[in-house]
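The values are calculated or read from the model by the stated rules, or taken from the named source; none is laboratory data. All values reported here derive from a predicted model rather than from experimental measurement. Virtual Cβ from ideal backbone geometry, glycine too; neighbours counted across all protein chains shown.
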Amino acid sequence: MPGVKWSQTHKCWHVPDNDTYRQRFKMPARNITNSHIAIQKQNIINLGIKEQQTLLRFENLLQVRKYSPNTLRSYRNEFMVFLQTVNGKADIDTLTSEQLNGYLLYLAKKKNYGESHLNMAANALKFYYEKVSHKPRINFTLPRPRKKQVLPKVIDKQQVLKLLNVPDNDKHKTMLMCAYAAGLRVSEVANLKISDIDSQRMTITIEQGKGKKDRIVMLSQNLLTQLRIYVKEYKPKTYLFEGQYGGPISARTIQSVFLTAKKMAGIHQKTGIHGLRHSFATHLHENGIDIKYIQDLLGHNSIKTTSIYTHVSQRQIGKIKSPFDE
């Protein structure tokens with residue numbers, strides 16, 4: 001059993017408290033929100049009345065504009081940190097651009113915010129001042145740290161094959177196959193519906209993916225064969241991969257299935273299930289598929305995002321001869 005450990009204190013074996021084991025032992029899903037909600041409530045109580053009202057206006061507009069739950073939560077948390085920092089010391093609507101820049105510098109130096117975290121804080125501030133407070137954009141500038149250029153972690157084709165053959169459970173195997181065969185994000189795998197699979201046109205429809213965009217990707221013949229085996233055995237009703245209590249399976253569970261399979265396959269690269277999407281794109285490029293088509297399949301807005309796969313593809317690099325070989 002992956003993750004099992006011996007407790008010297010309690011004189012017993014124990015496993016991680018995750019969705020996979022809870023489903024295996026027929027236990028209810030984890031309630032991980034209570035402590036988080038308590039902390040959030042305490043943070044709100046520590047704010048002044050005016051700051052609480054400002055936070056409410058901020059959150060309401062995020063909801064009206066239909067921001068994703070993850071973005072809403074991240075923006076709200078960062079704006080709450082900002083309000084707690086200012087809390088009663090000044091009117092946030094009178095802060096100058098220099099003072100806001102100083103706040104970001106404080107986050108970077110004192111709070112040790114990384115590039116992505118700092119950009120998130122800057123985006124939350126921009127949303128408030130430009131959308132909630134209606135400040136002119138021209139009078140509001142924020143320094144933007146350069147993001148690290150990190151190459152995607154790519155899994156070799158033979159290792160992918162080994163990983164996909166590891167699970168004995170057809171449901172687990174099919175989820176991993178979907179992620180690789182169609183280059184899907186883990187949230188897209190979790191939200192796939194039976195009606196999204198079109199075996200006549202050999203396509204998969206991704207509804208409201210990242211950025212609230214629909215797109216169509218190809219349906220692999222090998223994946224279709226596996227899907228038929230899986231559906232016959234599990235008989236899903238609406239969602240292709242349903243949770244224990246109905247509805248879509250959680251992304252956390254799929255990620256856990258991937259990590260278990262990766263360990264059993266002996267793959268040591270530090271990557272999550274998103275590595276299968278990276279590998280899908282890279283292997284397509286190595287097979288000679290035009291980068292523009294790969295962009296459409298992945299659902300990227302910009303070709304610049306997709307072009308990163310040209311840096312890890314062996315399509316051209318493998319043809320270059322090292323001077324050491326001479």
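Scan the stretch 87-99 for residues that are over 23 Å from Ile49 (Cβ atoms) and either outside the structural domain of Glu130 (by TED's automatic domain parsing) or touching a Leu at 6+ places or on another chain (Cβ under 9 Å) (or both) and jot them down. If the condition is that a residue be over 23 Å from Ile49 (Cβ atoms) and either outside the structural domain of Glu130 (by TED's automatic domain parsing) or touching a Leu at 6+ places or on another chain (Cβ under 9 Å) (or both), then Ser97 is the only one that fits.
Scanning the stretch 226-252 for residues that are more than 25 Å from the chain's Cα centre (by Cα), among the hydroxyl-bearing types (Ser, Thr, Tyr) and surrounded by fewer than 17 Cβ atoms within 10 Å (Cβ to Cβ) turns up just one, Tyr234. Put simply, of Leu83, Leu55, Leu105, Leu72 the only residue that is surrounded by 10 or more Cβ atoms within 10 Å (Cβ to Cβ), of a type outside the set (Gly, Ala, Ser), under 30 Å from Gly243 (Cβ atoms) and modelled with pLDDT of 85 or more is Leu72. Taking the conditions (1) in a helix (DSSP H, G or I); (2) crowded, with 16+ Cβ neighbours inside 10 Å in turn, Tyr113 satisfies each one other than (1).
Within the stretch 288-310, residues that are on the phi > 0 side of the Ramachandran plot have Cβ atoms under 9 Å from residues that are of a type outside the set (Asp, Glu) and in a helix (DSSP H, G or I) in these pairs: Gly288/Arg315, counting only partners at least 6 apart in sequence or on another chain. Of the set (1) hydrophobic (A, V, I, L, M, F, W, C); (2) in the same structural domain as Lys131 (by TED's automatic domain parsing); (3) modelled with pLDDT under 85; (4) under 27 Å from Gln208 (Cα atoms), all apply to Ala38 but (4).
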